[in-house]
Amino acid sequence: MLSDTVVHYVTEYRYLGIFVMFMFGLIGIPFPEETVLAFAGYMVQQGRLALLPTYAAAWLGTTCGITVSYALGRFLGLKVINRYGWLIRVTPERMQRVHGWFDRRGKWVLTLGYFVPGVRHLFAVVAGSSRVPWHVFALFAYAGGLVWSIAFITLGYLLGEAWEKAARGAFVLSLALVVASLVAVAGYFLYRRARRLST
């Protein structure tokens, strides 16, 4: 069972295991990332991991993996990715779907794309092939990785023994977190606009 593999690696290798799984997961090697995060949060609750190093291991692994995905898109281009993309779970259909999202939402998909299981690494590939400047990519993608890591580790921590429910309901939870993030961002901009108009 995949969740047993996650339990083994996180229990055995702790922070290094979390870092490595996230680095390869964000390159495209199949790992159930939400399961890893939720279980890591549970391990923190049990006192077997410390909170800040767990956040750091997940975020640094995510950052390394998503940067490699960006570099693949930037330096290899879409032709090579489309030909050999099956090695990192890339199909032409998925790439077309991600391109559509990227065209409509721009750089914000780099932040919110983590909450879309199965295609999150493709947003970085598309950003690289679209020549999005590295500093813009880093700002939006690394911020999204931080929010995503903290959100699911914290959920695993709060749910305790029920951490597997968080992992199984990853899509629903991701959707809820995306909606909450959008509402928060919209509320912030509306608040700033209202203050500007009142002065």
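The values are calculated or read from the model by the stated rules, or taken from the named source; none is laboratory data. Quick caveat, the model's predicted, so the values are computed rather than measured. Heads up, the Cβs are rebuilt from the backbone with ideal geometry, glycines too, and the neighbour counts pull from every protein chain shown.
Structure data summary
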{"read-out": "Every residue from region 33-56 that is more than 20 Å from Asp4 (Cα to Cα) and in contact with a helix residue (DSSP H, G or I) (Cβ under 9 Å, 6 or more places away or on another chain)", "value": "Ala50, Leu51, Pro53, Tyr55, Ala56"}
{"read-out": "Single unsatisfied condition, Gly169 versus (1) at pLDDT below 70; (2) surrounded by 14 or more Cβ atoms within 10 Å (Cβ to Cβ); (3) of a type outside the set (D, E, K, R); (4) over 22 Å from Pro30 (Cα atoms)", "value": "(4)"}
{"read-out": "Filtered residues of region 17-32 (kept if small (Gly, Ala, Ser) and at pLDDT below 85)", "value": "Gly25, Gly28"}
{"read-out": "Residue selected from region 1-42 under the condition part of a helix (DSSP H, G or I) and of a type in the set (Phe, Trp, Tyr), by the criterion farthest from Ala162 (Cα to Cα)", "value": "Phe24"}
{"read-out": "Residues (modelled with pLDDT of 75 or more and assigned to a loop (DSSP other than H, G, I, E, B)) located in region 117-139", "value": "Ser130, Arg131, Val132, Pro133"}
{"read-out": "Any hit, region 12-25, residues being of a type outside the set (A, V, I, L, M) and closer than 11 Å to Ser149 by Cα", "value": "yes"}
{"read-out": "Region 21-48 residues that are closer than 11 Å to Tyr157 by Cβ and among the aliphatic types (A, V, I, L, M), paired with ones that are at pLDDT 85 or above and not in a helix (DSSP H, G or I) (beta carbon under 8 Å, 6 or more apart)", "value": "Ala40/Leu49; Met43/Leu49; Val44/Ala50"}
{"read-out": "Region 33-48, residues that are modelled with pLDDT under 90 and of a type in the set (A, V, I, L, M)", "value": "Val36, Leu37, Ala38"}
{"read-out": "Filter result (of a type in the set (Gly, Ala, Ser) and surrounded by fewer than 18 Cβ atoms within 10 Å (Cβ to Cβ)) within region 1-30", "value": "Ser3"}
